[in-house]
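The values are calculated or read from the model by the stated rules, or taken from the named source; none is laboratory data. Note that this is a predicted model, so its numbers are computed, not measured. Please note: Cβ atoms are built from the backbone with ideal geometry, for glycine as well, and neighbour counts cover all protein chains shown.
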Amino acid sequence: MKLKKITKAHGERIGPVKLYLDDIEAIVAVFSEVSSETKITTDEYAVESIDQLKQLKREYFNEMHISISDPYVSLSLEPDGIWL
């Protein structure tokens with residue numbers, strides 16, 4: 001069996017920001033260039049696309065997480081900041 005080095009996760013937290021729907025669309029587009037299975041979750045819903053997110057007709061979200069699994073990349077948008 002060949003040894004495989006484990007890659008340690010690293011990330012960075014930055015302060016809170018205000019993002020608009022077109023910003024979220026741009027982020028999801030970048031993630032989708034890397035992986036066809038981009039996951040989007042909010043504080044209350046799991047959606048499969050930006051179109052579904054639009055259907056929620058919410059003025060704002062307190063939390064949103066966007067991720068792909070191969071390679072694993074996750075963006076957490078939270079009230080106190082962003083974790084990437």
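Remarks
The rows are residues; the columns are (1) among the hydroxyl-bearing types (Ser, Thr, Tyr); (2) farther than 19 Å from ILE82 by Cβ; (3) in contact with a Ser or Thr (Cβ under 7 Å, 6 or more places away or on another chain).
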position: GLY11; (1), (2), (3): no, no, no
position: LEU19; (1), (2), (3): no, no, no
position: ASP23; (1), (2), (3): no, no, no
position: PHE31; (1), (2), (3): no, no, yes
position: VAL34; (1), (2), (3): no, no, no
position: GLU37; (1), (2), (3): no, yes, yes
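- Test result for ILE24, of a type outside the set (Asp, Glu), in contact with a helix residue (DSSP H, G or I) (Cβ under 8 Å, 6 or more places away or on another chain) and either in a helix (DSSP H, G or I) or in contact (Cβ under 8 Å) with a residue 40 or more places away in the chain (or both): yes
- When residues of region 1-24 are limited to those that are surrounded by 10 or more Cβ atoms within 10 Å (Cβ to Cβ) and under 15 Å from SER76 (Cα atoms), the one modelled with the lowest pLDDT: GLY11
- GLU37 surrounded by 10 or more Cβ atoms within 10 Å (Cβ to Cβ), under 12 Å from the mean Cα position of the chain (by Cα), in a helix (DSSP H, G or I) and free of Cβ contacts under 8 Å to residues at least 40 places away in the same chain: no
- Of the strands (runs of 3 or more DSSP E) lying entirely inside region 43-84, the ones with 3 or more residues being in contact with a helix residue (DSSP H, G or I) (Cβ under 8 Å, 6 or more places away or on another chain) and either surrounded by 11 or more Cβ atoms within 10 Å (Cβ to Cβ) or modelled with pLDDT of 95 or more (or both) are found at 64-69.
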